[in-house]
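Undergrad: Take a look at the following structure, please.
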Amino acid sequence: MSVCCYIIGCETTKKGAVLDPGGEEDRILAAVKQAELDIIYIINTHGHPDHVCGNEIIQQQTGAKIVMHKEDADFFTQPEVKQYFSALGMKESPPIDKTVQDGDIIEIGTLKLQVIHTPGHTPGGMCLYHAPDLFTGDTLFVGGVGRTDFPGGGAHILTESIKKKLLSLPDSTVVWPGHGYGGDSSTIGHEKLSNPFLTGAF
Ligand SMILES: [Zn+2]
Ligand SMILES: [Zn+2]
């Protein structure tokens with residue numbers, strides 16, 4: 001599914017986190033080893049199978065705790081939701097170890113990642129912010145936004161989330177999306193001006 005996985009590390013303490021491991025676990029683990037990081041968290045921007053299917057192996061190999069927004073942790077364990085997504089044939093996540101909510105801070109060594117709850121693609125979708133970097137999962141892409149036609153999604157809610165909570169960040173904020181559909185990175189300022197889903201052109 002070409003999910004963008006990010007490895008985040010604290011240079012002082014060498015603690016680290018893996019964001020959205022969606023396969024190619026060997027490659028992720030090799031990069032972690034090369035960076036000499038002790039992975040303490042696996043953070044999922046949301047509960048979709050393509051973003052969590054690497055959780056099990058990364059957890060087995062690192063002992064990291066799995067972190068997800070509370071609403072997605074609840075939503076994706078509902079039997080009918082599980083059944084809907086199991087049709088995709090991807091590995092499920094082991095149980096979530098730690099749930100977070102809007103405004104929470106995830107500490108990785110001296111690094112502080114802020115949780116920004118951005119529902120709309122899923123009920124508990126979230127972005128992770130460490131100025132100037134913003135990891136947007138499937139909420140905001142370069143020149144696009146996440147799909148809203150899956151269970152638990154809503155187009156109006158997604159637009160509200162992006163406009164209220166993301167476009168209010170500084171224009172220089174660097175956007176790191178959950179898929180590289182329109183490009184690998186952008187800025188909030190650029191998306192504000194050119195993203196057709198946000199300018200009203202779409
Ligand atoms: Zn998704
Ligand atoms: Zn995705």
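Undergrad: Expressed as a whole percentage, what fraction of the accessible surface of region 77-120 belongs to carbon and sulfur atoms when a 1.4 Å probe is rolled over the protein heavy atoms?
TA: On region 77-120, the fraction of accessible area on carbon and sulfur atoms equals 49 percent.
Undergrad: Please enumerate, by chain and number, the lysines with C-alpha under 18 Å from the C-alpha of K91, excluding those fewer than 8 residues away in the same chain.
TA: K65, K82
Undergrad: Here's another thing I want to ask about it. Restricting the calculation to Cα positions, tell me the Rg (one decimal) and the Dmax (whole number) of the chain in Å.
TA: 15.9, 46
Undergrad: Tell me which residues come under 5 Å, amide H to amide H, from F141 once H is placed; ignore anything under 5 positions away on its chain.
TA: Amide H neighbours of F141: G146.
Undergrad: If you take the C-alpha gyration tensor of region 27-80, multiply each eigenvalue by 5 and take the square root, what semi-axes do you get, largest first, in whole Å?
TA: With the √(5λ) rule applied to region 27-80, the semi-axes are 24, 11, 9 Å.
Undergrad: In straight Cα distance, which aspartates and glutamates are under 20 Å from K33, not counting same-chain residues fewer than 8 positions off?
TA: Output for K33: E11, D20, E24, E25, E56.
Undergrad: What are the DSSP H helices in the chain that stretch 24 Å or more along their long axis, judged by alpha-carbon atoms, and whose average Kyte-Doolittle hydropathy comes to at least 0.5?
TA: Qualifying helices, which must be both long enough and hydrophobic enough, do not occur.
Undergrad: Shifting gears a bit: Over the Cα atoms of region 97-202, what radius of gyration and what Dmax do you get, in Å?
TA: Calculated on Cα positions, Rg and Dmax stand at 13.1, 42 Å.
Undergrad: While we're looking at this one, here's another question. Before anything else, pin down the relative contact order of region 5-76: Cα pairs under 8 Å, at least 6 apart, normalised by residue count, whole percent.
TA: 30 percent.
Undergrad: Between region 95-148 and region 24-42, what is the separation of their alpha carbon centroids in Å?
TA: Centre-to-centre (Cα) distance: 20 Å.
Undergrad: Label-point separation (nm) for D133 and T13, each offset 7 Å from Cα along Cα-to-Cβ?
TA: The modelled label-to-label distance comes out at 1.6 nm.
Undergrad: How long is the gain from S172 to T110 if the chain were fully straight, where each residue apart is worth 0.36 nm and the alpha carbon distance is subtracted?
TA: Extra length from S172 to T110 when fully extended: 20.0 nm.
Undergrad: Scan around D102 for amide H atoms under 5 Å from its own, H built in the peptide plane at 1.01 Å from N, and keep only partners 5 or more places away or cross-chain.
TA: For D102, the qualifying residues are H117.
Undergrad: Separate question: Determine the gain in length on full extension of the stretch K82-L193; use 0.36 nm per residue of separation and subtract their C-alpha separation, reporting nm with one decimal.
TA: Result: 36.2 nm gained on full extension.
Undergrad: Spin-label point model (7 Å from Cα, Cβ direction): what's the R27 to E92 distance in nm?
TA: Placing both labels 7 Å beyond Cα along the Cβ direction yields 2.7 nm.
The values are calculated or read from the model by the stated rules, or taken from the named source; none is laboratory data. Bear in mind the structure is a predicted one, so any value in this text is a computation, not a measurement. Quick reminder, even Gly has a Cβ in these numbers, built from the backbone with ideal geometry, and neighbours come from all protein chains shown. Areas reflect the complete protein model, heavy atoms only, side chains present, ligands, DNA and RNA absent. Shrake-Rupley method; radii C 1.70, N 1.55, O 1.52, S 1.80 Å.
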